[in-house]
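Comments concern the structure below.
The values are calculated or read from the model by the stated rules, or taken from the named source; none is laboratory data. Model, not experiment: these values are computed from the prediction. Using ideal geometry, Cβ is built from the backbone for each residue, glycine included, and neighbour counts are taken over all protein chains shown.
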Amino acid sequence: MSIVIPLAVTSGTRPNSGQVAFTRLELDRIMSLYGRMVAAGLWRDYALELGAKVASFSAFRRSAENPEVRLVKDPALRQRQGEWVLYGEGGVVLKRGHELAGVLAVVERRLLKAVES
């Protein structure tokens with residue numbers, strides 16, 4: 001005989017797993033920028049880290065180096081400075097904000113300068 005164990009049904013787009021993750025639209029925007037940076041020859045590798053408190057995307061010029069940029073989503077800061085933080089190569093904060101597009105604009109401007117020269 002078998003025992004059937006009912007699974008809890010959660011409402012919403014993401015189950016309450018205690019893990020912060022990027023939504024499909026956010027990841028699409030991030031990976032679109034990553035693809036354009038790879039095509040321009042500026043980035044070669046990336047890393048995703050999904051944790052209990054934050055989710056981060058890191059982009060590398062080479063795999064063995066420190067990340068050139070690191071984008072962090074921290075929902076705990078949503079009501080304060082904004083849940084998005086962009087860190088530079090030395091760990092310095094390049095931009096904070098409530099909207100992903102505004103934070104990624106810093107990197108997109110760098111891409112425009114690289115394409116123009």
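Some points to look at:
- Strands (runs of 3 or more DSSP E) wholly inside segment 21-117 containing at least 2 residues that are at negative phi, within 14 Å of the chain's Cα centre (by Cα) and hydroxyl-bearing (S, T, Y): 55-60
- Selection of segment 74-93 for residues being in contact with a strand residue (DSSP E or B) (Cβ under 8 Å, 6 or more places away or on another chain) and either among the charged types (D, E, K, R) or surrounded by 16 or more Cβ atoms within 10 Å (Cβ to Cβ) (or both) yields D74, L77, G82, E83, W84, V85, L86, Y87, E89.
- Residues satisfying the stated conditions in segment 55-65, i.e. modelled with pLDDT under 90 and touching an Asp or Glu at 6+ places or on another chain (Cβ under 9 Å): R61, R62, S63, E65
- In segment 23-49, the residues that are aromatic (F, W, Y) form Cβ pairs under 8 Å with partners that are part of a helix (DSSP H, G or I) and surrounded by 14 or more Cβ atoms within 10 Å (Cβ to Cβ), at six or more places apart or across chains, as follows: W43/Y34; W43/M37; Y46/Y34.
- Candidates in segment 66-117 are the residues that are out of contact with any Asp or Glu (no Cβ under 8 Å at 6 or more places or on another chain) and among the polar types (S, T, N, Q); of these, the one that is farthest from M31 (Cα to Cα) is Q79.
- Residue count for segment 35-52, restricted to those that are exposed (fewer than 12 other Cβ atoms within 10 Å of the Cβ) and hydrophobic (A, V, I, L, M, F, W, C): 2
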